[in-house]
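What follows is a single structure, written as structure tokens, with notes after it.
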Amino acid sequence: MRVRPNPPFEGISPVAHGALDPGELERLGVDPAEVVDFSASINPYGPAPAVLEAARRTDVSGYPDRECLGLRRALSEHLGVGLSWIAPGNGSAELIDLLARAYLSPDDASLVVGPTFGEYGRACRLCGARVLRWDREVGGAGGVSLDLDGLLEAVLRERPRMVWLCNPNNPTGDLLSGREVRRLLRVVEEAGGLLVVDEAYRELVLRGEPDDLTGLLLEGRGLILLRSMTKAHALAGLRLGYALAPPEVVRALAVARPPWSVSAPAQAAGIAALSPGARRHLSRCKRLLARDAELLTAGLARLGLTTVPGVANFLLVEVGDGGRVREALLRRNLQVRDCASFGLPAHIRVAVRLPEENARLLAALEEVVPL
Ligand SMILES: Cc1ncc(COP(=O)(O)O)c(C=O)c1O
């Protein structure tokens, strides 16, 4: 008898993501060391030196603290949120999985505000949940529009157990205000569900300041905030994120989490990233990135390319055929994210990188667009 995986696994594939794929590069004969990666939206100025130093100094011979007490204490002080409201994770990606596992049963409805990061849907489907989508409209230079009233009606109609909102959204870069999130939360609660707001790019909002949702969180009913420390602090290889959530959710996450999932170097780097020096480093990086984003957007406009206006450290650019443009750029040692998996085959997503790298991308795009 052949033993098969559980039924939800049938027909689910791994989600497409940015970042370099050594297997693909090998097939194309491209040397990974030569590739500039615009496909993962990470702070290109790198972490504060003290953050790397803290990770390097860590003794890795013993198991890490399963409770991540030092890191949670530092986060608690930094954010003004009690320890019992903080759940660490091996990147925020782990927390997405754990939340779905903790709260979804087969046939539950789960609503994803799209087009967005693919992991929410995957995590829900693996639990056997039905995934409903409520999509923004993506309209080129006209921007992105989310019919919030329509979304609220859909929530009341479908009564999903979980609603997933990425804010600012990957890949469209639009940001809901605190008032808009509050309206959504009230309706999700009325429908008996939980609202997960993924703030992975919160610290890399380059235009304006995102509203602080921790006040809304502490009202304490159905809101969960996900934060990533891998993007702003350029620690994607180390893996570190956390959830801010009511204590009963934090307890459920602690049960669902495999032991020692957050490594000792990641915990040490996370604590160091909250120090005043590292915060100043990040503020400096953001000022530089805001300037770099403006220059890159202007350069794309000069090439006649439409950039969907967004607030974060990545740009959604309409190029005609995203897959072909990605491949043509990869052959020139530049990797961008083709957005077909988001349902946007005419677009690529481009992280804002260092000025000289952005200039290289613009020069290459001039050669390859229109294909
Ligand atoms: C919207 C969003 N959430 C979460 C993640 C996962 O981030 P982490 O590195 O913290 O697991 C990503 C990574 O690309 C992302 O784009």
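Only one residue in Glu209, Glu180 is closer than 30 Å to Ser105 by Cβ and either more than 16 Å from the ligand (Cβ to nearest atom) or part of a strand (DSSP E or B) (or both). Which one? Spell out how you get there, then give the answer.
Details: Glu209 fails: closer than 30 Å to Ser105 by Cβ.
None of the others qualify; the one that does is Glu180.
Of (1) aliphatic (A, V, I, L, M); (2) in contact (Cβ under 8 Å) with a residue 60 or more places away in the chain; (3) within 12 Å of the ligand (Cβ to nearest atom), Val250 satisfies all except one. Which?
Failed condition: (3).
From the set of residues in the stretch 351-371 that are free of Cβ contacts under 8 Å to residues at least 60 places away in the same chain and in a helix (DSSP H, G or I), which is nearest to the chain's Cα centre (by Cα)?
Glu356
From the residues in the stretch 183-206 that are open to solvent by less than 20 Å² (accessible area, probe 1.4 Å) and in a loop (DSSP other than H, G, I, E, B), which one is farthest from the ligand (Cβ to nearest atom)?
Ala191
Name the single residue, out of those in the stretch 319-350 being assigned to a loop (DSSP other than H, G, I, E, B) and in contact with a helix residue (DSSP H, G or I) (Cβ under 9 Å, 6 or more places away or on another chain), that is modelled with the lowest pLDDT.
Across the stretch 319-350, the extreme among qualifying residues is Arg331.
Give the residues of the stretch 7-37 that are part of a loop (DSSP other than H, G, I, E, B) and in contact with a Gly (Cβ under 8 Å, 6 or more places away or on another chain), sorted by residue number.
Val15, Ala16, His17, listed by residue number.
Between a residue in the stretch 282-301 that is assigned to a helix (DSSP H, G or I) and any residue that is at pLDDT 95 or above and among the aromatic types (Phe, Trp, Tyr), which pairs come within a Cβ distance under 6 Å, given they are 6 or more apart or on different chains?
Cys285/Tyr45
In the stretch 320-366, which residues are among the polar types (S, T, N, Q) and under 20 Å from Glu24 (Cβ atoms)? Reasoning before the result, please.
Pass one, the stretch 320-366, residues among the polar types (S, T, N, Q): 333, 335, 341, 358.
The answer is Asn333, Gln335, Ser341.
The values are calculated or read from the model by the stated rules, or taken from the named source; none is laboratory data. Keep in mind that what you see is a predicted model, and the values were worked out from it rather than measured. Every residue, glycine as well, gets a Cβ built from its backbone with ideal geometry; the counts of neighbours run over all protein chains shown. We work out accessible area using only protein heavy atoms, side chains counted, and drop any ligands, DNA or RNA first. Shrake-Rupley method; radii C 1.70, N 1.55, O 1.52, S 1.80 Å.
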